[in-house]
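Visitor: The structure is given below, and queries will be raised subsequently.
A short reminder: the numbers here are calculations on the coordinates, not readings from a lab. Nothing here was measured: the structure is a model prediction, and the numbers come from that model. Every residue, glycine among them, receives a Cβ derived from its backbone with ideal geometry; neighbour counts consider all protein chains shown.
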There are 2 protein chains.
Amino acid sequence: MKILNYKLILPAAAFLAGSALTGCKPGQGGANTDADAAKKVYVAPGKYDEVYTFMSGGFSGQVAAYGIPSGRLLKVIPVFSQNPENGWGYSEETKPMLNTSHGFVAWDDSHHPELSKTNGEDDGRWLFINGNNTPRIARINLSTFKTDEILELPNIGGNHASPFCTENTEYVVGNTRFSEPLDNAAGDVPIDSYKKNFKGAVSFVKVDKESGAMKLAFQLIVPPFNYDLAHAGKGPSHDWMFFTCYNTEQAHTLLEVNASQRDKDFVMAINWKKAEELIAQGKGTKTPAKYAHNVYNEKTHSATSVMENETQTLDVTKFPGLVYYMPCPKSPHGVDVSPDGESIVASGKLAAVIPVFSYKKMLDAIDKKQYDGTIDGALPVLKYEAVLRGEVKKPGLGPLHTEFDDKGFAYTTMFVSSEVVKWKVDNLEIIDRSPAFYSPGHLSIPGGDSKKPYGKYVIVMDKITKDRYLPTGPELCQAAQLFDISGNKMKLLLDFPTIGEPHYAQSIPAEKIVKNQVKFFKLAENTNPYAVKSEKETKVVRNGKRVDVYMTAMRSHLAPDNIEGIKVGDEVYIHVTNLEQDWDVPHGFAIKGANNAELLIMPGETTTLKWNPYQQGIVPFYCTDFCSALHQEMQGYFRVSPAGSNVPIKFSIGVNPVTQ
Amino acid sequence: MKILNYKLILPAAAFLAGSALTGCKPGQGGANTDADAAKKVYVAPGKYDEVYTFMSGGFSGQVAAYGIPSGRLLKVIPVFSQNPENGWGYSEETKPMLNTSHGFVAWDDSHHPELSKTNGEDDGRWLFINGNNTPRIARINLSTFKTDEILELPNIGGNHASPFCTENTEYVVGNTRFSEPLDNAAGDVPIDSYKKNFKGAVSFVKVDKESGAMKLAFQLIVPPFNYDLAHAGKGPSHDWMFFTCYNTEQAHTLLEVNASQRDKDFVMAINWKKAEELIAQGKGTKTPAKYAHNVYNEKTHSATSVMENETQTLDVTKFPGLVYYMPCPKSPHGVDVSPDGESIVASGKLAAVIPVFSYKKMLDAIDKKQYDGTIDGALPVLKYEAVLRGEVKKPGLGPLHTEFDDKGFAYTTMFVSSEVVKWKVDNLEIIDRSPAFYSPGHLSIPGGDSKKPYGKYVIVMDKITKDRYLPTGPELCQAAQLFDISGNKMKLLLDFPTIGEPHYAQSIPAEKIVKNQVKFFKLAENTNPYAVKSEKETKVVRNGKRVDVYMTAMRSHLAPDNIEGIKVGDEVYIHVTNLEQDWDVPHGFAIKGANNAELLIMPGETTTLKWNPYQQGIVPFYCTDFCSALHQEMQGYFRVSPAGSNVPIKFSIGVNPVTQ
């Protein structure tokens, strides 16, 4: 039943485009051997990249920060998935970050990084990212590159159209890809009651202007389509948020066929300002809902997870003027708004054109009630011709996603014909096209979805890489390609592999991030209840079966480093405070045979490993991060005595053991 | 108690060396802006790198494959740590790989990748890597880039001097960094009984010539020093294995001070051929020992874990001629054997010279009994002057590790003075030095520890990177630096960040790996008991509370995609077979709210996710790897009914449900 198989279509664009680049066989290389490209991507030792690109990890669940133009992976930021490397999701302080209404969830699928915006421009403060599988939105603090907050979203399945933010980061949104019965609503219903019992829900999450703290403000109950991507309006269209919908057929099986029936699906336009007003007027319905809200505190260096129990909904069919649908050819993926806020570009992956809608015409069509029927008898479908600014003709096959540069051009990825197409926003004329290797999904231009694009580069994320890199068995990397877009013609500069599957990236000039960097945590401000500020304060305390070890790490010893009196069956919490107060001096901590991971402790931080000693013996522990010439010597021993023994708690470093 | 703090010492070598390179401040860049360097590291889109470098992830627990000269990260190979990205350690098939005698261990600290060797040359078949924390050795299959086997090592703590292999991969070894009482031996003893009760143990693991299968052959019980690194002899010294030892003071607390007392520690030389003979003669003592042996089967695509219960030991004090000690200044780290097998280079991290021992002189000293006393009254310490070929004078501060090129030169990292030193193996004269940024640990030259170095590049792994890259908060990347060593002077070409902390790397010309690549698994050869070979065979089977879902994945649907009759409290095993038979067409699989990770299923493979539905409702599942233009449509639903309900098992795709 191999119905539609696009994955292996070769880059037809290479032949269409007349570009110097052609598909290439292993070992033969591409035609692009330009020394100029080498120079453009080379960042000499000791020099810095110009741009940060934040890529989602897709099925890795994390976010990765790359330097551009070098394509170097600077850091993997743990978000939704356990990260044994630094103990994320294993240490006691971070476990609550992965709590959900379904219990501890070790993994998610992160898709769309979104930089916080002020006046429609990237402000470099936070990066939001969606968890698609178990619906959540995370907020990463870009001064520490740590995930500070994760908010679960009730009532939805597949949080894919997320977390796009409004012009001043008033809200970030989450919308359902897999419509399902609202939580607590339907009872035990069959799947084929889809049209009756399944719903979509658009979550508007309020973001605090100062702290970035998120709060689920309200949810709009919408028809059970698959909502794919979104973008907020800006400037004149500030009050609106646009979403693509596919499966407007409302199929629940074999969507490959059944959700590809209609020639047009929709762009859903939501007047979020109006929704906000309705909520302020008390028009929302409060309904029970269970969702976790996890917050990391930078002073205690610890997370808490609180289970929320209520959401507020608006049934959009009951509030005219809230939601309109614009017909859009066919199975649209990206919806992208031009820097001036006037053009709304939707990319139908099975469409032969790229429709560009006009915000002005949309308002006009609403005003004039230029409808083409309604959905659910209440939600107006605007006439295609009435809202259309125009179509980009013959763009290629499988348009997916569009961003904008600083010179009035748009760039769209063509998944099926494997190319990037450059077109002029004002007249919709195609200016240039270049093959991409292979099957590009999204692309990213620094500031490319903001009011003020920086331009210069486009980073194209490819789904297929076979024959592009040295092989690595059946499981290959996914990858990005960097194009220079400073000139009239796009120029492919570099292929670089990526971590996980980058569904989308946001890119920002480095200076907006560098200036805010925290280099280490101040020990004096550490309020973790188990922190100790000097070696003198280190201790080991037993309370019944619970033993708390207050330990310090400092080049090049862990204190205490000889600990006795631990017994089989104890629950031991080792709280390690890194006493260093300088940049780039982490310490690690690991125990032989422990059933979790290690700790990686930044200067000034306290982190806790829980350990259940299960057998008698001597158990070594050590620092796992090569911290000095005497790092190898940074080790110690636990003595674990039998359960019934009377060996007292004893701890020491050097020669004089302290007995509790 | 900040006693020895080397980490922040600036690269003094920059001033000593008269190099064009100097330490540079953020934003200013280094002096090396040579366009020639750019050209040398640039691999144009579509072209391939020349060399694979396999780096340990250190505290990430994994191995990363990089392309050289570009420095691009090709793949992270999961080994000892859970990897949510592809379900390693989460799927039913791979969980056994992380089993140990301590139960399931989610993490380890991987240090030293070791390529298998034939006649002393890298043969490109397997890569071995040690788990340092919970002592283990893993074997990665370089035709699939998958971990095929993990063998735990009993009786040791901190498997650091590991897994170095003999000239024909007869054995790989593991030696203890943290001596401890042998398993089952000492009872509940205090830590300060170290000298009496603690022991070292050197594990010799036999490697099957054809399959690579590992088996713990024997263990040598040695004095309780800290064994740091090792290398096998080659050519004339084929029969010997050399290990560095520090903490020959046998301290158990504050090693930073107490293990730095003696001016000389040791290189321990073991005649492994003799040990093998003794074992063959039945001289070994069989003792109980519990250690896991985990094997991944490429046909069932599943791992098994077997708990072994016995080891065979030799107490080296009882067998003269087995072990000798060569005095070595001070706290030695690397011990490296020249391509001709004659020179044994030991790097004392607190030493001011690099001693180069002569294999011939060692044999001669043994022959003439040129001893400087014994250890434990039985193990001869050879006279320093008798075994010394010579010393490399004034190499810098903190020599750590040495490799060799194809032209008779050796390269040694200097951790404290942050530089790489090139010297001539025959006359021990220093030829060149270059700063490294900062604090280099190990280095890697393609074939650099083999009989036939390829040379051309040296990759230096740095422990400190502050101010070398765009900042990423308090937690920074670790990194490598690529030098061109084809000329007389070393030339720094490129800085590139790394995953985790690369303690060591092994590098090999790409052609040795590329030719063996498996591109996909043959479906016809898949013998996983839950595999289905076509959609017709898909089914859902209930047995009591256990439900097995036999599912297939194929662009662009999962079959079945509507599944009913699952009940709260069931134990559901979803076995997904990827029916594709082409390169680079993985499918993913995830369930909303599941408490483990996703599956990433390669073509022809079957992988299983265990799911415990805990509440009534409709639960979406989907493909997590963007596999085609209709990937977004590749989804389905479970219906979970209440525990007591009588909804029958029902599954379908398209329209006709099948009832069990």
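Visitor: Between A:Lys567 and residues 5 or more places away or on another chain, which pairs have amide H atoms under 5 Å apart, with H built 1.01 Å from N, and which residues are they?
Guide: Hits under the 5 Å cutoff: A:Ser641.
Visitor: Holding the Cα-Cα limit at 25 Å, pick out from A:Lys330/A:Lys361; A:Lys264/A:Lys361; A:Lys117/A:Lys274; B:Lys206/B:Lys422; A:Lys456/B:Lys519; B:Lys407/B:Lys515 the pairs that are longer than that. Let's see the in-between values first.
Guide: Numbers: A:Lys330/A:Lys361 21 Å; A:Lys264/A:Lys361 19 Å; A:Lys117/A:Lys274 21 Å; B:Lys206/B:Lys422 35 Å; A:Lys456/B:Lys519 37 Å; B:Lys407/B:Lys515 27 Å.
Beyond 25 Å between Cα atoms: B:Lys206/B:Lys422; A:Lys456/B:Lys519; B:Lys407/B:Lys515.
Visitor: Let me ask something additional. Rounded to whole Hz and in sequence order, give me ³J(HN,Hα) for region B:561-566 from the Karplus expression 6.51 cos²θ - 1.76 cosθ + 1.60, θ = phi - 60°, writing x for Gly and Pro.
Guide: Here the 3J(HN,Hα) series is 10, 10, 10, 10, x, 6 Hz.
Visitor: Give the nm distances, rounded to one decimal, from B:Asn258 to the matching residue in every other copy, measuring between label points 7 Å along Cα toward the beta carbon; shortest first.
Guide: 7.1
Visitor: Which net charge results for the neighbourhood of A:Ile191, defined as the other residues with beta-carbon distances under 12 angstrom from its beta-carbon, given Lys and Arg at +1 and Asp and Glu at -1?
Guide: Values: positive: A:Lys195, A:Lys196, B:Arg639, B:Lys650; negative: A:Glu180, A:Asp188, A:Asp192, B:Asp561, B:Glu564.
Residues near A:Ile191 contribute -1 overall.
Visitor: Per-residue mean of other chain beta-carbon atoms within 10 angstrom of the beta-carbon, peptide A:70-81? Display every interim value, and only then the final one.
Guide: On the way: counts 9, 5, 11, 8, 9, 10, 6, 3, 2, 0, 1, 6.
That works out to 6 on average.
Visitor: Any idea what log10 I(q)/I(0) is at q = 0.11, 0.13, 0.15 Å⁻¹ for region B:373-481, Debye with uniform C-alpha scatterers and no solvent?
Guide: Per q value, in the given order, log10 I(q)/I(0) is -0.46, -0.59, -0.73.
Visitor: With θ taken as phi - 60° and the coefficients 6.51, -1.76 and 1.60, list the Karplus ³J(HN,Hα) couplings across region B:597-603 in order, rounded to whole Hz; mark glycine and proline as x.
Guide: 3J(HN,Hα) across region B:597-603, in whole Hz: 10, 9, 10, 10, 10, 7, x.
Visitor: Right, here's the next one. How well do other chains shield peptide B:360-366, expressed as the mean number of their Cβ atoms within 10 Å of each residue Cβ? Each step should come with its number before you reach the end.
Guide: Working: counts 0, 0, 0, 0, 0, 0, 0.
Taking the mean over all residues of the peptide, I get 0.
Visitor: Please quote Rg/Rh for the protein assembly as shown to two decimal places, taking the Kirkwood radius as Rh and restricting both calculations to Cα atoms.
Guide: Working: Rg = 30.9 Å, Rh = 31.7 Å.
Radius of gyration over Kirkwood radius for the protein assembly as shown works out to 0.98.
Visitor: Next question. May I ask for the net charge around B:Glu385, where only other residues with Cβ less than 14 Å from the Cβ of B:Glu385 are counted and Lys, Arg are +1 while Asp, Glu are -1? Please list the in-between numbers first.
Guide: Numbers: positive: B:Lys264, B:Lys361, B:Lys368, B:Lys383, B:Arg389; negative: B:Asp364, B:Asp372, B:Glu391.
Neighbour charge sum, excluding B:Glu385 itself: +2.
Visitor: Which listed residue (B:Asn488, B:Ser507, B:Asn526) has the Cα farthest towards the positive end of the charge dipole for region B:472-571, taking +1 on Lys and Arg C-beta and -1 on Asp and Glu C-beta about the Cα centre?
Guide: Toward the positive end, the furthest listed residue is B:Asn526.
Visitor: Still on this structure, please answer the following. By a straight-distance test (C-alpha under 17 Å), which aspartates and glutamates pair with A:Lys196 as possible cross-link partners, with residues fewer than eight away in the same chain excluded?
Guide: A:Glu180, A:Asp183, A:Asp188, A:Glu249, A:Asp315, A:Asp376
Visitor: For B:Asn99, what is the net charge nearby, where nearby means another residue's Cβ is under 14 Å from its Cβ and Lys, Arg count +1, Asp, Glu -1?
Guide: Numbers: positive: B:Lys95, B:Arg136, B:Lys290; negative: B:Glu92, B:Glu93, B:Asp108, B:Glu149, B:Glu152, B:Glu308.
Net local charge, B:Asn99 excluded: -3.
Visitor: Averaging sequence separations of C-alpha pairs under 8 Å and six or more residues apart, then dividing by the length of region B:579-619, give the relative contact order as a whole percent. Kindly include the intermediate steps, with their values, before the conclusion.
Guide: Working: 46 pairs, mean separation 15.2, N = 41.
Relative contact order here is 37 percent.
Visitor: If you wrap a convex hull around the Cα atoms of chain B, how much volume per residue is inside, in Å³? Please list the in-between numbers first.
Guide: Details: hull volume 116.8 nm³, N = 660.
Given the Cα convex hull of chain B, per-residue volume reads 177 Å³.
Visitor: Below 8 Å between Cα atoms, with a sequence gap of 6+, how large is the relative contact order for region A:436-494 in percent?
Guide: Working: 105 pairs, mean separation 17.8, N = 59.
For region A:436-494, the relative contact order is 30 percent.
Visitor: How shielded is B:578-586 by partner chains, expressed as the average number of their Cβ atoms within 10 Å of its Cβ atoms?
Guide: For peptide B:578-586, the averaged partner shielding equals 5.
Visitor: Tell me the distances, shortest first, between B:Asp34 and the same position across the other copies, using label points 7 Å along Cα→Cβ, in nm to one decimal.
Guide: Its label point is 2.5 nm from the equivalent points in the other copies.
Visitor: Along the positive direction of the dipole of chain B (beta-carbon charges: Lys, Arg +1; Asp, Glu -1; about the Cα centre), which of B:Gly447, B:Gly588, B:Thr118 reaches farthest?
Guide: Among B:Gly447, B:Gly588, B:Thr118, the one farthest towards the positive end of the dipole of chain B is B:Gly447.
Visitor: Explain nothing, just the number: relative contact order of region A:189-240, from Cα pairs under 8 Å at least 6 residues apart, as a whole percent.
Guide: So the answer I get is 30 percent.
Visitor: Sticking with this structure for a sec: Read phi for every residue in region A:85-92 and hand back ³J(HN,Hα) as whole Hz from Karplus 6.51 cos²θ - 1.76 cosθ + 1.60, θ = phi - 60°, with x for Gly and Pro.
Guide: After applying 6.51 cos²θ - 1.76 cosθ + 1.60, I find 4, 10, x, 4, x, 10, 6, 4 Hz.
Visitor: Counting each DSSP H run of 4 or more residues in chain A as -39500 (n - 2.57), what helix-only mean residue ellipticity at 222 nm follows after dividing by all residues, to the nearest 500 deg cm²/dmol? Spell out each step's value before the answer.
Guide: Details: 8 runs with 46 residues, N = 660.
Rounded to the nearest 500, the figure is -1500 deg cm²/dmol.
Visitor: What are the residues whose amide H is under 5 Å from the amide H of A:Leu493, where those residues sit 5 or more places off or on another chain and H is modelled from the backbone?
Guide: A:Leu482, A:Phe483, A:Asp484
Visitor: Here's something else I'd like to know. Pairs A:Lys533/B:Lys195; A:Lys146/A:Lys290; B:Lys349/B:Lys466: which exceed 28 Å Cα-Cα? Working shown, then result.
Guide: On the way: A:Lys533/B:Lys195 33 Å; A:Lys146/A:Lys290 26 Å; B:Lys349/B:Lys466 22 Å.
Among A:Lys533/B:Lys195; A:Lys146/A:Lys290; B:Lys349/B:Lys466, the Cα-Cα distance tops 28 Å for A:Lys533/B:Lys195.
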